[in-house]
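Nothing in this text is a laboratory measurement; each read-out follows from the coordinates by a stated rule. What you see is a predicted model, and the numbers here were worked out from it, not measured in a lab. Quick reminder, even Gly has a Cβ in these numbers, built from the backbone with ideal geometry, and neighbours come from all protein chains shown.
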Amino acid sequence: MTGVSVSTGSTSGAGFCGHCGEPYDGGDGPPSYAHRECSERLAMEPPRYCAACRRRMKVQVTPLGWSAECSRHGVLVP
Amino acid sequence: MTIQADASEATSHATIPGTFPILETGRQQVLEDGIGLTQEQLEEVLRLPDEALPAALQLAHEVRLKHCGEDVEVEGIISIKTGGCPEDCHFCSQSGLFDSPVRGVWLDIPELVKAAKETAATGATEFCIVAAVRGPDIKLMNQIKFAIDRINEEVDINIACSLGMLTQRQVDQLAEWGVHRYNHNLETARSYFPEVVTTHSYEERLETCNMVKAAGMELCCGALIGMGETLEQRAELAAQLAALEPHEVPLNFLNPRPGTPLENQGIMDGKDALRAIAAFRLAMPRTVLRYAGGRELTLGDLGTRNGLLGGINAVIVGNYLTTLGRPATADLNLLVELNMPIKELQKTL
Ligand code: SF4
């Protein structure tokens, strides 16, 4: 791992949802509908899936922060 | 969210018309005499109608002020080893037996020390190091010893640990290393435990709790409610915790985690959560009763405030082990607004 991704795992502008790992276009409706609940969840928990490749990330939560590391795409921070 | 709005309706603690016999009893027995309510009495509290909730919270708050004081104890928690646990606690995203998105990861010691410093800077007096294990092996115990020494060199904060079930030797080692409090939760009532955990028993949990107390460490023994237990079982849990006489009880509300057997369990009703807070305080008038995980989802901001005015006298500041909490500043500002001073550090060992 080397790079630092600019994505925060939010549900917009990426291939996969940081919360559930599903493709953004994989739901029953438009992306914003399919992953609306995921977006709410991501306000209360760090992303678990890399938005670029869907790999499960190594996530470390500390009292005042978190980081999530994808073996391919680097580290995400809030 | 509707649940938050429901919980927020209990903001007023003004005297309400009508009296509720169990609250009259509680006023004498718990507030005046300092004797916790029994299991049957706690069931009555948990069954109180909504219109009695402000009075129940008011009584619990008075009990807390009289028997614990106005201070609020602030703690930060951190996971030194996340995920991959061999146990099957049905609520837990860190079990390696479920299809959970949480990956196994170890935190290195410099990061741990940094987190301890940041936690202390919030005014917190407690820093709890947690590992997702059945019980610690030699590698983990060595890591813990190293971590304790490094933190003690650089940070003025009490260190607690939560490392699963312990042997007597491990209990003695932790006590010797200066761990002043050990967390091991009962989680749920004895009668409901086999529905939630099958890889170890309630008795095994009790055994560790009793060893911790016997070794002179403070026991932190928590509850997780909203897992589908009945009100009777919730009262049973409060009574069983009271019988154990822990120094602290962290009160968690289920946050259903993806991939776990409880992922489809609904979020607990906010008013039921507040009734539980009042009941736990009336069961344990002198215990540190701490807000722990799930309150953001179950109670929301206003419900959080109501609980602090209804028996809670400690908070976990910031994030939890795998999920995020309210911003630390939100809780700290709320304490200022409520005129509740943060408990100061008293190194116990
Ligand atoms: S022992 Fe602890 S970490 Fe392991 S599954 Fe149970 S609650 Fe999770």
Intensity falloff of chain B expressed as log10 I(q)/I(0), Debye formula with alpha-carbon point scatterers, at q = 0.08, 0.13 Å⁻¹: -0.35, -0.98
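222 nm [θ] for the protein assembly as shown, helices only, -39500 (n - 2.57) per DSSP H run of 4+, per residue, to 500?
Working: 16 runs with 154 residues, N = 427.
Roughly -10500 deg cm²/dmol at 222 nm, from the helical runs in the protein assembly as shown.
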Any cysteine of chain B lacking a neighbouring Cys Cβ under 4.7 Å - listed by number: B:CYS68, B:CYS85, B:CYS128, B:CYS161, B:CYS209, B:CYS220, B:CYS221
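Using mean Cβ contacts within 10 Å as the protection proxy, how do B:45-52, B:338-345, B:300-307 order, highest first? Show your work: numbers first, answer last.
Working: B:45-52: 16.8, B:338-345: 14.2, B:300-307: 22.6.
Ranked by mean Cβ neighbours within 10 Å, highest first: B:300-307, B:45-52, B:338-345.
Name the helices (complete DSSP H segments) of chain B with a Cα length along the long axis of 15 Å or more and a Kyte-Doolittle mean of at least 0.0, or state none. Working shown, then result.
Numbers: long enough: B:53-68 (21 Å, 0.24); B:109-121 (18 Å, 0.20); B:138-154 (24 Å, -0.29); B:202-214 (18 Å, -0.78); B:231-244 (20 Å, 0.41); B:270-283 (20 Å, 0.51).
What comes out of the filter, once short or polar helices are dropped, is B:53-68, B:109-121, B:231-244, B:270-283.
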Cα convex hull of segment B:140-206, projected area averaged across orientations, nm²: 5.2 nm²
In a Debye calculation with equal point scatterers on the alpha-carbon sites of the protein assembly as shown and no solvent, what is log10 I(q)/I(0) at q = 0.09 Å⁻¹? -0.54
Relative contact order of chain B, defined on C-alpha pairs under 8 angstrom at six or more residues apart (%): 26 percent
Report, as an integer, the average count of C-beta atoms from other chains found within 10 Å of each Cβ along B:95-103. 3
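I'd like the mean, over residues of A:51-62, of how many other protein chain beta carbons sit within 10 Å of each residue's own Cβ. Please report the intermediate quantities before stating the final value.
Working: counts 0, 0, 0, 0, 1, 4, 3, 7, 8, 10, 15, 15.
So the per-residue partner count for this stretch is 5.
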16 Å Cα-Cα reach of B:LYS213 towards lysines, excluding residues that sit fewer than 8 places from it in its own chain: none
How many angstrom lie between the Cα centre of segment B:36-103 and the Cα centre of segment B:226-269? 7 Å
Take the Cβ-Cβ distance between B:LEU65 and A:ARG72 as r, set R0 to 60 Å, and report the resulting FRET efficiency rounded to the nearest 0.05. 0.65
What lysines does A:LYS58 reach when the alpha-carbon gap must be under 24 Å and sequence neighbours fewer than 8 apart in one chain are set aside? B:LYS81, B:LYS114, B:LYS117, B:LYS139
Looking only at other chains, what is the average number of their beta-carbon atoms within 10 angstrom of each beta-carbon in B:79-89? 1
